[in-house]
Amino acid sequence: LIACSRRLWCASRLMLRAPWSVWVQYSKYYQTMAEFTKRLVTGCGGPPASLFQGGEWIVEDIASRGLIDGSHVTFRFGMDGYLVGRTGCNTYRARYELTGERLIIGDIATTHKKACAPALERQEAEFVRLLGDAHDFDITLDGALLIRTAGGTAITACR
């Protein structure tokens, strides 16, 4: 019996998303039939939130429009259930809930400390709106996090 696991993005046939890919290989020898059988069983395990926690995500794209040069938009998923970050102009904080298939972000509270250029204010408003409308998530093969609305509009971020 060989059992292995490794930390990587895993999605099962049931669309459950988890941080651990698990596989078990077993062999069985049937003496009476002189037959050797080898099977490989795979699956996913672990809390989905651990995929996102533990570091800052840098937003690279908002609604397929890129970002304004020099703006710094981020988020960090805390173990306390709060999402915090920068909007490019201000900071924000919101509760989040992550299940195997859904990302739900509560009311977003933003600071209004800085006066920003109108273009940055529009980008901030679009980011906050899309984040508040979050419906699901995905992680690409290269490790980018996609947060999507029910309509499919996405925020793309990398570590």
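The values are calculated or read from the model by the stated rules, or taken from the named source; none is laboratory data. Bear in mind the structure is a predicted one, so any value in this text is a computation, not a measurement. With ideal geometry, Cβ positions are generated from the backbone for all residues, glycine too; neighbour counts draw on all protein chains shown. Ligands, DNA and RNA are excluded from the accessible area calculation, which covers all protein heavy atoms including side chains. Shrake-Rupley method; radii C 1.70, N 1.55, O 1.52, S 1.80 Å.
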Seminar exercise, completed: Glu121 passes all but one of the listed conditions (1) modelled with pLDDT of 95 or more; (2) in contact with a Cys (Cβ under 8 Å, 6 or more places away or on another chain); the exception is number (1)
For this session: Name the single residue, out of those in the range 73-96 being open to solvent by less than 80 Å² (accessible area, probe 1.4 Å) and not in a strand (DSSP E or B), that is nearest to Thr156 (Cα to Cα).
Result: Gly88
Exercise. Of the conditions (1) closer than 22 Å to Gly151 by Cα; (2) modelled with pLDDT of 95 or more; (3) not hydroxyl-bearing (Ser, Thr, Tyr), Ile104 fails just one. Which one is it?
Worked result: (2)
Exercise. Arg95 fails exactly one of the following numbered conditions: (1) within 18 Å of Ala63 (Cα to Cα); (2) without any contact (Cβ under 8 Å) to a residue 40 or more places away in the chain. What is the number of that condition?
Worked result: (1)
Seminar exercise, completed: For the range 97-120, the count of residues that are part of a loop (DSSP other than H, G, I, E, B) and open to solvent by 80 Å² or more (accessible area, probe 1.4 Å) equals 7
For this session: Scan (1) touching a strand residue (DSSP E or B) at 6+ places or on another chain (Cβ under 7 Å); (2) surrounded by fewer than 10 Cβ atoms within 10 Å (Cβ to Cβ); (3) at pLDDT 95 or above for the single condition Ser64 breaks and write down its number.
Result: (1)
Exercise. Hey, any hits in the range 45-52 for a residue that's assigned to a loop (DSSP other than H, G, I, E, B) and either among the β-branched types (Val, Ile, Thr) or at pLDDT 95 or above (or both)?
Worked result: no
Problem set entry | Residues (over 15 Å from Leu131 (Cβ atoms) and either of a type in the set (Phe, Trp, Tyr) or out of contact with any strand residue (DSSP E or B) (no Cβ under 7 Å at 6 or more places or on another chain) (or both)) located in the range 72-85 | Asp80
Problem set entry | Subset of the range 137-155 [part of a strand (DSSP E or B) and open to solvent by 30 Å² or more (accessible area, probe 1.4 Å)] | Asp138, Leu146, Arg148
